Amino acid sequence: KHNWYAGKQYDDDVSNAKKILADLAKYYPDAKSYEVVGFLWWQGDRDMRNPGHAAFYEKNLVQLIKALRKDFNAPKAAFVSASLGQTKEDDTTSGHGKILQAMKNVASGKYKSELGSNIGFVYTHPLSKGSSSSAHYGGNAQTYMNVGLTLGKKMVEQLKK
């Protein structure tokens, strides 16, 4: 018997996050309340391998932003995505290139009427210290720090909008 279904990862992740938020004091003893103001997204390795997934990544990313905002009751939450570290900006044809272009398109204002203007994008190739998303960047901590700090800075920009 298979327990997998399309959307299972999303449902599980949202459910786990909501469990933490519902019992916030257990995980953050001094916290009295919370507000979801933004989402960070660094993903795409599996999608780059499937031409259909890569082709629909842009459309699906728009839907993801809408779903996250709805599920966390954060209709105006900022959203920042990051490209896969091995992908060069001028790549428009490979699977990972299509994902990078989709992320850039979503952050470009193309969907401003649907999503607002607080959508950002981080190009991670210059931040990556080698290897690839498939190999988790060789476990290089500097890559993860570079991307994390840059995502944070970009999120601050989006929150100011």
- Taking only protein heavy atoms and a 1.4 Å probe, what accessible area per residue, in Å², does the stretch 22-161 have with all protein chains in place? 58
- Shape call, the chain: gyration tensor on alpha carbons, a/c limit 1.5: rounded
- Contour excess over end-to-end distance, with Cα ends at residue 12 and residue 142 and 0.36 nm allotted per residue: 43.9 nm
- For the chain, with the dipole built from +1 on Lys and Arg beta-carbon atoms and -1 on Asp and Glu ones, taken about the Cα centre, which of 137, 42, 159 lies farthest toward the positive end? 159
- Task: Rounded to the nearest 10 degrees, what's the angle between the helix 57-71 long axis and the longest principal axis of the chain, both from Cα atoms, 0 to 90?
- Result: 10
- So which residue, out of 107, 78, 55, gets the largest mean-square fluctuation from a GNM of the chain using Cα contacts under 10 Å as springs? 55
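Please give the FRET efficiency for residue 63 paired with residue 134, using the beta carbon to beta carbon distance and R0 = 35 Å, rounded to the nearest 0.05.
Between residue 63 and residue 134 the formula returns 0.90.
Which pairs, out of 18/161; 59/98; 32/161; 129/160; 26/76; 66/110, put more than 18 Å between their alpha-carbon atoms?
18/161; 32/161; 129/160; 26/76
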- Compute the acute angle (0 to 90°) between the alpha-carbon long axis of helix 141-159 and the principal axis of greatest extent of the alpha-carbon atoms of the chain; round to the nearest 10°. 60
- Query: Got a sec? Charge dipole of the chain, +1 on Cβ for Lys and Arg, -1 for Asp and Glu; which of 67, 92, 9 is way out at the positive end?
  - Reply: 67
- Item | Qualifying aspartates and glutamates (Cα of each under 20 Å from Cα of residue 88; at least 8 residues distant if same chain) | 45, 47, 58
- Roll a 1.4 angstrom probe over the protein heavy atoms and tell me the percent of accessible area of the stretch 1-121 that is carbon or sulfur. 52
- Which is the longest part of the chain that has none of the GluC sites (Glu not before Pro) sitting in a DSSP loop with at most 15 other Cβ atoms within 10 Å? 90-161
- Could you grab the relative contact order for the stretch 1-106? Cα pairs under 8 Å, six or more apart, rounded to a whole percent. 30
- Message: Name the residue from 102, 83, 118 whose Cα lies farthest towards the positive end of the charge dipole of the chain, charges +1 on Cβ of Lys and Arg and -1 on Cβ of Asp and Glu.
- Response: 118
- Given unit charges at Cβ for Lys, Arg (+) and Asp, Glu (-), the dipole magnitude of the chain about its Cα centre in debye, nearest 20, is 260
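The values are calculated or read from the model by the stated rules, or taken from the named source; none is laboratory data. Keep in mind that this is a model prediction, so the values were computed, not measured. Virtual Cβ from ideal backbone geometry, glycine too; neighbours counted across all protein chains shown. Side chains included, ligands, DNA and RNA excluded: accessible areas come from the protein's heavy atoms. Shrake-Rupley method; radii C 1.70, N 1.55, O 1.52, S 1.80 Å.
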